[in-house]
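Participant: For reference, the structure I am asking about is given below.
The values are calculated or read from the model by the stated rules, or taken from the named source; none is laboratory data. Because the structure is a prediction, the values reported are computed rather than measured. Cβ: placed from backbone, ideal geometry, glycine included. Neighbour counts: every protein chain shown.
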């Protein structure tokens with residue numbers, strides 16, 4: 001495999017190392033992936049970046065709620081999320097055209113400034129001002145996570161190496177969203193939400209520095225590609241974005257259902273534990289998938305994983321009859337979450353036009369965020385009719401699997417090697 005590197009067309013040494021280890025499976029697959037120092041650094045940066053994202057939503061909500069009220073906190077969090085989601089592709093494109101270092105330096109600096117302004121205006125300003133600053137804060141969020149996934153794609157070959165990298169990326173996302181919110185909540189409760197802002201900012205800066213100091217980040221991503229409309233001009237990539245909505249929608253909806261079932265069943269205290277169990281199942285499923293699931297292409301894996309997801313959702317009905325069974329059901333339901341995400345990441349890599357990796361992964365993040373929002377909306381009308389909600393989600397997952405199966409051959413024809 002060859003690529004443009006320092007203006008010379010040859011394969012970087014860490015890519016050659018990955019080629020030689022493409023046959024690795026099991027634990028060896030992860031050892032092969034993380035055999036280079038820069039790859040290990042990117043893995044740490046990926047975890048830290050996701051911890052920042054997962055912690056900040058909790059800290060922001062508690063910060064505004066502590067100084068105003070819960071309604072204002074929800075609005076501020078929504079404004080921040082909108083600002084982040086709408087501008088993510090533009091920030092990704094900026095990385096692709098200008099390189100990692102200048103973009104991360106500028107966005108990190110502006111983000112810290114806007115967060116400081118947000119903390120300052122919460123008490124004495126109108127909600128309109130707070131929402132506006134929150135939107136700007138989200139708009140300047142450094143695109144560290146999308147950059148790292150673009151680097152995973154750039155530094156691995158299609159097949160086992162990339163399959164393991166995308167699975168690891170999905171697993172690290174799950175780890176962050178298990179640890180981050182709990183850590184942020186405890187920190188904000190024991191000290192003050194304004195104090196809890198500081199470690200979040202410190203983690204953000206650390207993740208940006210780790211990426212900036214990574215040699216591949218300096219030399220691989222700065223393609224200066226003009227790109228036109230970017231990756232969304234590609235029909236296969238647009239199809240991938242639509243498929244990405246399904247697993248994120250279903251995952252968010254299942255989380256809402258688990259909370260609903262635990263609340264209506266009289267054991268509200270178990271809701272968080274059920275979500276943690278679902279996350280544990282996702283972690284295990286993702287690790288196993290990354291180690292042993294490289295025998296198929298991502299376009300062939302996606303319908304299989306969505307069908308398994310549909311089967312897992314049905315088990316929610318079994319848990320209603322015996323609440324203790326959720327100890328087993330929740331991890332089983334969540335077992336396909338990380339594999340689905342890893343498959344979407346790999347499929348997006350295969351359908352991304354050259355020189356547009358970071359922007360493409362930013363679009364994927366936006367699609368996933370939209371899917372999560374849709375998931376809560378889909379099951380909201382059926383909060384007291386769990387059976388109906390389960391049937392609806394099974395249908396959505398099955399239809400998604402059918403759609404993925406039907407478009408799979410077309411995606412395979414258009415997918416090109418990185």
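Participant: Across region 377-395, what is the number of residues that are closer than 30 Å to residue 83 by Cα, in contact with a helix residue (DSSP H, G or I) (Cβ under 6 Å, 6 or more places away or on another chain) and at pLDDT 80 or above?
Facilitator: First, the residues of region 377-395 that are closer than 30 Å to residue 83 by Cα: 377-383, 393.
Going one step further and asking which of them are in contact with a helix residue (DSSP H, G or I) (Cβ under 6 Å, 6 or more places away or on another chain), we end up with 378-379, 382-383, 393.
Remaining after also requiring at pLDDT 80 or above: 378-379, 393.
Number satisfying all stated conditions: 3.
Participant: Go through (1) out of contact with any helix residue (DSSP H, G or I) (no Cβ under 8 Å at 6 or more places or on another chain); (2) under 13 Å from residue 62 (Cα atoms); (3) touching a residue at least 24 places away in the same chain (Cβ under 8 Å) for residue 191 and report which single condition fails.
Facilitator: Result: residue 191 fails condition (3) only.
Participant: Take residue 32 and tell me if it is within 20 Å of the chain's Cα centre (by Cα), within 30 Å of residue 295 (Cβ to Cβ) and touching a residue at least 60 places away in the same chain (Cβ under 8 Å).
Facilitator: In short, no.
Participant: Collect the residues in region 297-338 that are modelled with pLDDT under 90, buried (at least 16 other Cβ atoms within 10 Å of the Cβ) and outside any helix (DSSP H, G or I), keeping them in residue-number order.
Facilitator: 297
Participant: From the list 128, 151, 168, 104, exactly one residue is farther than 20 Å from residue 92 by Cβ, buried (at least 19 other Cβ atoms within 10 Å of the Cβ), outside the structural domain of residue 336 (by TED's automatic domain parsing) and modelled with pLDDT under 95. Which is it?
Facilitator: Among 128, 151, 168, 104, only 168 is farther than 20 Å from residue 92 by Cβ, buried (at least 19 other Cβ atoms within 10 Å of the Cβ), outside the structural domain of residue 336 (by TED's automatic domain parsing) and modelled with pLDDT under 95.
Participant: Still on this structure, I have one more. Return the residues of region 182-191 that are surrounded by fewer than 18 Cβ atoms within 10 Å (Cβ to Cβ) and modelled with pLDDT under 85; say none if nothing qualifies.
Facilitator: 182, 185, 189
Participant: Go through (1) crowded, with 21+ Cβ neighbours inside 10 Å; (2) within 23 Å of the chain's Cα centre (by Cα); (3) assigned to a helix (DSSP H, G or I) one by one and return the number of the condition residue 118 breaks.
Facilitator: With (1) crowded, with 21+ Cβ neighbours inside 10 Å; (2) within 23 Å of the chain's Cα centre (by Cα); (3) assigned to a helix (DSSP H, G or I) applied to residue 118, the lone miss is (2).
Participant: Same structure again: Conditions first: (1) on the phi > 0 side of the Ramachandran plot; (2) buried (at least 24 other Cβ atoms within 10 Å of the Cβ). Residue 159 passes all but one, so which condition is the exception?
Facilitator: With (1) on the phi > 0 side of the Ramachandran plot; (2) buried (at least 24 other Cβ atoms within 10 Å of the Cβ) applied to residue 159, the lone miss is (2).
Participant: Answer with yes or no whether residue 197 is surrounded by fewer than 24 Cβ atoms within 10 Å (Cβ to Cβ), free of Cβ contacts under 8 Å to residues at least 60 places away in the same chain and touching a helix residue (DSSP H, G or I) at 6+ places or on another chain (Cβ under 9 Å).
Facilitator: no
Participant: If the requirement is being in the same structural domain as residue 197 (by TED's automatic domain parsing) and either surrounded by fewer than 17 Cβ atoms within 10 Å (Cβ to Cβ) or within 30 Å of residue 65 (Cα to Cα) (or both), which of these qualifies: 83, 92?
Facilitator: Checking each option against the conditions leaves just 83.
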